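Scroll down for the structure; my scribbles are underneath it.
Coordinate-derived values only; no laboratory data. Note that this is a predicted model, so its numbers are computed, not measured. All Cβ positions, glycine included, derive from the backbone under ideal geometry; neighbour counts span all protein chains shown.
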Amino acid sequence: MDLFEMGKQEETAPLAYRMRPRTLDQVVGQDHLLSPSAPFRQLIDKDQLHSFILFGPPGTGKTTIASIIARMTQAHFVSLAAVTSGVNDIRKIAADAAQRLKYYQQKTILFVDEIHRFNKSQQDVLLPFVEDGTLYLIGATTENPLFEINNALLSRLKLYILEALSEKDLNRLIQQALQDKDHGLGLYNISITPSCISAIASFCKGDARMALNILETIANTHLYKDEPLIIDLNLLEKVLSRPLVKYDRRGDAHYDSISAFIKSIRGSDPDAAVFWLAFMLEGGEDPIFIARRMIIHAAEDIGLADPEALKLAVAAAQAVKLVGMPEARIPLTQVAIYLATAPKSNSSLTAIEKAMAAVRKSKQIKVPLPIADSSHPQAKKLMQKGVAYKYPHDYGGYVSQQYLPDDMAGRVFYQPGKEGYELKIQEFISKTMKNKGQ
């Protein structure tokens with residue numbers, strides 16, 4: 001049976017195959033591409049497709065979307081698997097497409113699954129046929145096309161990015177499979193607990209195919225259709241052959257765990273920090289959320305005691321976005337250990353809180369005229385802005401003058417801590433205070 005023939009399925013076909021959507025409205029997730037108002041959806045509905053790449057994690061609907069397009073389009077549709085096709089296959093398809101276009105004015109769409117597996121020669125062969133419109137190319141890939149597709153071909157393609165399914169999406173998908181009597185498990189009396197759906201979502205990381213495979217494996221243990229089966233965490237653990245971390249990403253576990261993680265770092269306990277990091281990651285917590293909290297902690301609790309801390313926290317967040325899980329656990333761990341063992345100071349937080357309180361209480365704030373904007377040619381003459389301003393570089397890098405408003409003059413908002421780099425900052429401030437004659 002061809003991949004794009006979606007007629008009656010055999011009972012022995014896998015659940016994930018039987019539940020494959022037949023229309024775009026049945027696709028779960030990817031609303032940014034497939035909602036009725038989305039430009040990509042409108043192009044499909046109008047059969048005005050161009051060459052493009054579908055890029056996203058496994059089980060997000062790339063092949064499904066291609067199969068639906070195959071049934072909707074008036075163009076001739078041909079599919080290739082990159083792992084089993086060669087240059088001669090491409091040339092043969094292109095030759096047939098040229099004849100079809102010449103004699104019947106019918107376009108040809110070529111779908112290439114796992115297009116990242118095409119080598120440079122295969123991509124070079126495709127290029128002229130895509131460029132002159134002989135073939136309209138649809139490629140599907142789990143690998144970043146910026147690195148896997150050569151620039152000449154990539155420049156002639158649009159890129160559409162599919163996202164991993166959310167827990168809400170997977171919940172909808174699982175419920176559909178349990179209720180569908182024609183293609184799913186609706187003939188069985190099966191129900192599933194919300195905590196089990198959350199655990200499946202954490203385990204599958206947004207992969208719809210994997211979620212349905214797990215569901216089917218559990219259903220296969222249900223020998224008697226008339227007897228009810230409740231899928232709970234204990235049953236799921238047996239099927240997956242691994243313990244499940246009891247972690248609710250929307251409940252107490254989410255807030256308590258991140259609190260324990262940050263407080264362990266603040267308390268300079270690297271072992272506890274790594275443990276709570278592992279607990280959150282194993283429970284399916286969003287690593288970007290963890291990275292954001294590390295950035296906040298680096299500024300709030302370490303600050304200028306170690307200015308490198310914030311740089312590394314930001315770098316960890318970038319690493320998570322670039323490499324993804326599970327590899328991202330390594331830079332996250334590296335930076336968590338660094339933050340936990342870094343000197344601590346909350347002087348930046350204290351300084352901004354004091355300054356903001358002063359701003360709120362002040363009845364009127366005026367910028368001192370010497371440091372006001374004097375870029376306009378008449379600013380000094382007519383408004384006295386910039387008059388008497390002392391340019392610090394003319395005085396060796398520092399000169400005493402008033403920078404705060406008159407009613408704030410002499411106020412101290414920043415008080416350096418007594419750890420790390422802030423000792424040097426304190427030396428600098430003490431030196432400038434001495435030069436002020438204070």
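Observations on the model:
- Under-5 Å amide H pairs with I231, H placed in peptide plane, nonlocal only: S191, I192, T193
- Segment 363-435: relative contact order in percent, alpha carbon pairs under 8 Å with at least 6 residues between: 24 percent
- For segment 51-111, the percent of C-alpha pairs falling in each 10 Å distance bin, counted from 0 to the bin holding the largest distance, reads 20, 46, 30, 4.
- Cα centroids of segment 330-348 and segment 106-140: 48 Å apart.
- Note on the chain: with charges restricted to the Cβ of Lys and Arg (+1) and Asp and Glu (-1), its dipole about the Cα centre is near 1960 debye.
- Within a straight-line Cα-Cα reach of under 14 Å, K363 can be paired with the following aspartates and glutamates, leaving aside sequence neighbours fewer than 8 residues apart in one chain: D406, D407.
- Residues whose amide H lies under 5 Å from that of L137, counting only those 5 or more places away or on a different chain, are S51, F52, L110; hydrogens are built 1.01 Å from N in the peptide plane.
- Within-12-Å neighbourhood charge of G59 [Cβ basis; K, R +1; D, E -1]: +1
- Taking amide H positions as modeled 1.01 Å from N, with prolines and chain starts lacking one, the residues under 5 Å from G186 and 5 or more places away or on another chain are D180, K181.
- Across the chain, Cα pairs under 8 Å and at least six residues apart give a relative contact order of 11 percent.
- Peptides ranked, highest mean first, by Cβ atoms within 10 Å: ranges 167-174, 209-216: 209-216, 167-174
- Cα gyration tensor shape for segment 385-438, rounded if a/c is under 1.5, else prolate or oblate: oblate
- Alpha-carbon centroids, segment 64-83 and segment 380-402: separation in whole Å: 70 Å
- Protection proxy ranking, highest mean first, for peptides 194-206, 374-386: 194-206, 374-386, where packing is the per-residue count of other beta-carbon atoms within 10 Å, averaged.
- Cβ-Cβ distance of A278 and K418, R₀ of 35 Å, FRET efficiency by 1/(1 + (r/R0)^6): the value works out to about 0.60.
- Rounded to the nearest 500, the 222 nm mean residue ellipticity of the chain from helices alone is -14500 deg cm²/dmol, with -39,500 (n - 2.57) taken per DSSP H run of at least 4 residues.
- Taking a sphere under 15 Å around the Cβ of E308 and counting the other residues whose Cβ falls inside, with K and R at +1 and D and E at -1, yields a net charge of -1.
- Binning the alpha carbon pair distances of the chain at 20 angstrom intervals from zero yields the distribution 19, 36, 28, 16, 1, expressed in whole percent.
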